[in-house]
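To start, the structure under review is shown below, and the notes come after it.
What follows draws every value from the coordinates through simple rules; no lab data is involved. The shown structure was predicted, so the numbers you read here are calculated from the model rather than taken from an experiment. FYI the Cβ positions are ideal-geometry reconstructions off the backbone, even for glycines, and counts take in every protein chain you see.
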Amino acid sequence: MRRTGILHAELNAELSRLGHTDEVVVADCGLPIPAGPVVVDLAFTFGVPSFLQVVDGLLAELVVERAVVAAELDDRNPACARALADRLPLIDRISHEDLKARTAGARLVVRTGEATPYANVLLRCGVPF
């Protein structure tokens, strides 16, 4: 039994396989997920687990060198935009349509129970050295 960190066995295994420049998408429960990336679905009910709970858990485990969000996030979900700005050093903005398309190339998608608009982020893995 692990003492700390992420307890979900499948998610732990997928996180261990990530390398520099691999991309991980943390998605709300409504983001369409294309065929291709491994999907770990954590959604239980609307809002559980929340987007930020999952982001915080992943940021405690991963080195992230940059992030990508939908440009629409700033206007449609400003609280989420502020929360991500507080947590991530470099955030690029692209259209929501482009973010959905880019999800197909991600190595991993982690689906949350989040039910607020545009609560999605693509995290690009860095290295600790």
Inset, instruction - Would you mind classifying region 36-109 by shape? Square roots of the alpha carbon gyration tensor eigenvalues, ordered a ≥ b ≥ c; an a/c under 1.5 is rounded, otherwise it is prolate if a/b is larger than b/c and oblate if not. - result: rounded
Legend entry - Relative exposure of VAL64, VAL69, judged by other C-beta atoms within 10 Å (fewest first): VAL64, VAL69
Inset, instruction - Calculate the radius of gyration of the Cα atoms of the chain to one decimal place, then report Dmax, the largest Cα-Cα distance, as a whole number, both in Å. - result: 13.5, 42
Legend entry - Among PHE46, THR21, LEU7 the positive-end extreme of the charge dipole of region 1-58 (Cβ point charges): LEU7
